[in-house]
1. Which of (1) touching a strand residue (DSSP E or B) at 6+ places or on another chain (Cβ under 9 Å); (2) at pLDDT 85 or above; (3) more than 21 Å from Val216 (Cα to Cα) is the odd one out, the single condition Thr199 does not satisfy?
2. Taking the stretch 400-413 as the region of interest, how many residues are part of a loop (DSSP other than H, G, I, E, B) and either free of Cβ contacts under 8 Å to residues at least 24 places away in the same chain or surrounded by fewer than 19 Cβ atoms within 10 Å (Cβ to Cβ) (or both)?
3. Search the stretch 415-435 for residues being surrounded by 15 or more Cβ atoms within 10 Å (Cβ to Cβ) and modelled with pLDDT of 85 or more, and hand back the single one that is nearest to Glu454 (Cα to Cα).
4. Those residues that are among the polar types (S, T, N, Q), touching an Asp or Glu at 6+ places or on another chain (Cβ under 8 Å) and in a helix (DSSP H, G or I), I need them from the stretch 173-221; list them, please.
5. Working only within the stretch 241-258, note down all residues that are closer than 23 Å to Ser364 by Cβ and either among the aromatic types (Phe, Trp, Tyr) or surrounded by 12 or more Cβ atoms within 10 Å (Cβ to Cβ) (or both).
6. Taking the stretch 384-393 only, how many residues are surrounded by 17 or more Cβ atoms within 10 Å (Cβ to Cβ) and farther than 8 Å from Leu265 by Cβ?
7. Could you check the stretch 269-280 and list, in sequence order, the residues that are surrounded by fewer than 23 Cβ atoms within 10 Å (Cβ to Cβ) and not small (Gly, Ala, Ser)?
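The values are calculated or read from the model by the stated rules, or taken from the named source; none is laboratory data. Note that the structure is a prediction, hence the values are computed from the model and not measured. Heads up, the Cβs are rebuilt from the backbone with ideal geometry, glycines too, and the neighbour counts pull from every protein chain shown.
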Amino acid sequence: MSTNRGVIHTFVELIRKTINRDPLALVNSGLIVVGLITSLRSAGHVLYSYAENICLSTVHVRAEDPLYNDIVRWMNDHAFRDRNFLSVLAQTTNNADSEKALMRSPQPLDSDKLISYRQVEDNSFLELRPFHGSRLFRFKRTWMLFSHAASSPDSIRPPQLDMNTPLKLQCISLSLSPIKKFLDEVRAYSRKVSVSSITVYRTTSYSQDIVRWNSVASRPSRDISTVILDKHKKQALLRDINEYLHPHTRQWYANHGIPYRRGYLFSGPPGTGKTSLASAIAGVFGLDIYVLSLLDPTMTESHFTRLFSEVPTRCVVLLEDVDAAGLNRSDSGPCQDYVSGPVSKAQNTSVSLSGLLNAIDGVSSHEGRILIMTTNAPQQLDRALIRPGRVDIHVRFDLPSREELRDLFLSLYSDMYQNPEFSSGEKNREMARMIEMAVRFAGCLPERQFSLAEVQGFLLQYKRRPEGACDNIRGWVQEMEYGEMHEGAAVGTI
């Protein structure tokens with residue numbers, strides 16, 4: 001013990017001689033400063049809690065709400081753009097002009113020399129975003145506090161049990177009016193940014209009990225003209241959806257006591273454009289797409305019903321390949337709204353037919369949405385699922401006619417006769433030449449035999465060589481017919 005005291009005394013004397021001050025006095029001063037800081041922080045927490053109950057307006061936003069991403073985007077583009085932070089999240093993001101880097105490749109498109117894309121300029125950039133913490137910013141003469149807490153999937157709980165929201169907005173006000181104005185600005189900015197794109201949502205399973213909507217992609221809106229379908233069917237469908245979405249239509253439904261819902265069934269062979277048309281419809285009318293799959297192994301019936309009820313008022317709900325889930329037609333009559341057996345479930349899913357019907361038009365189902373179901377075999381669906389009121393319009397997709405094959409050809413090579421560098425005379429001559437080749441191309445294909453996806457796959461081998469497509473189409477047809485005879489189609493054969 002005496003030896004330890006001697007060592008400590010020697011060490012203290014060494015420090016005193018080095019800094020020419022009593023180290024114990026410095027230690028005591030440091031303890032006093034730490035105590036003051038701790039006291040001030042405790043007092044600050046007390047004052048903040050008191051102000052939060054008296055004069056601070058507070059809005060909480062959960063991570064699963066679409067508003068969460070809208071607020072974070074606005075903060076990144078406005079409040080955080082010109083400020084530096086010590087705690088940030090590094091994110092690799094594709095540049096909006098990423099393709100320009102590849103277009104600057106030294107090799108022409110038709111060159112036989114192979115390109116190492118590691119040597120091409122990187123088409124992504126590193127973005128640093130605030131990760132968590134509190135930020136004070138000013139919006140229209142009002143100071144607001146933005147608090148962001150990092151959350152992980154492991155800590156996610158059902159909304160009714162999760163009180164620790166990852167995002168919080170506060171301002172000194174006796175009303176929520178300033179924050180409401182800010183949220184209106186955030187939503188307007190989000191609509192402006194995403195006016196030419198659609199967001200695709202799919203379900204994500206965080207655990208056995210937690211399944212939530214999650215934004216998986218944001219893609220440019222697809223032009224409806226690129227969807228090859230009978231023109232009369234396409235125009236009739238667009239007119240029906242446009243009338244349904246009109247603001248006056250909702251009141252008409254309410255006046256007549258009709259639930260404000262609209263359902264469509266897209267049926268036809270694979271590769272005929274059913275999902276493509278659903279995506280194009282979302283782009284035309286500025287709606288997001290919520291994709292549900294009955295084949296999801298993590299999807300229970302309660303999950304399915306809750307997720308269906310959580311979709312926003314105006315959106316497209318896409319239920320793909322409902323026949324593949326095993327929801328087969330029952331023996332019940334066409335006017336019956338049930339299936340044989342007390343609780344009949346699909347063969348390949350845990351969602352029963354009665355659960356699916358309840359989700360579509362039950363009391364918890366939201367109004368205003370557009371439901372699109374796709375199927376390859378409509379004859380296998382139960383009558384209760386496709387009765388009027390659940391399916392209002394049935395759009396049948398057939399294998400393409402020669403007119404549709406001609407339209408597909410013109411669509412894929414449209415950039416060749418719509419070149420902005422051409423004069424009007426050159427455009428007309430090039431268009432006439434392309435129409436002549438399209439007629440020749442379609443004439444070499446048998447009607448109603450190949451799907452649009454199969455023909456498009458062939459055309460993609462001749463992206464900028466329409467003449468080559470016309471010259472080789474007969475050989476491709478012979479290969480396909482030979483492949484079908486031997487139980488295998490020739491896909492992309494070289």
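1. Here Thr199 clears every test but (3).
2. Residues meeting the conditions: 1.
3. Met434
4. Residue satisfying the conditions is Ser190 alone.
5. Tyr244, Leu245, Thr249, Arg250, Tyr253, Ala254
6. So the answer is 3.
7. Pro269, Pro270, Thr275
The rows are residues; the columns are (1) more than 20 Å from Arg390 (Cβ to Cβ); (2) part of a loop (DSSP other than H, G, I, E, B); (3) of a type outside the set (A, V, I, L, M).
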position	(1), (2), (3)
Asp240	no, no, yes
Ser279	yes, no, yes
Leu287	no, yes, no
Thr298	yes, yes, yes
His303	yes, no, yes
Val322	no, yes, no
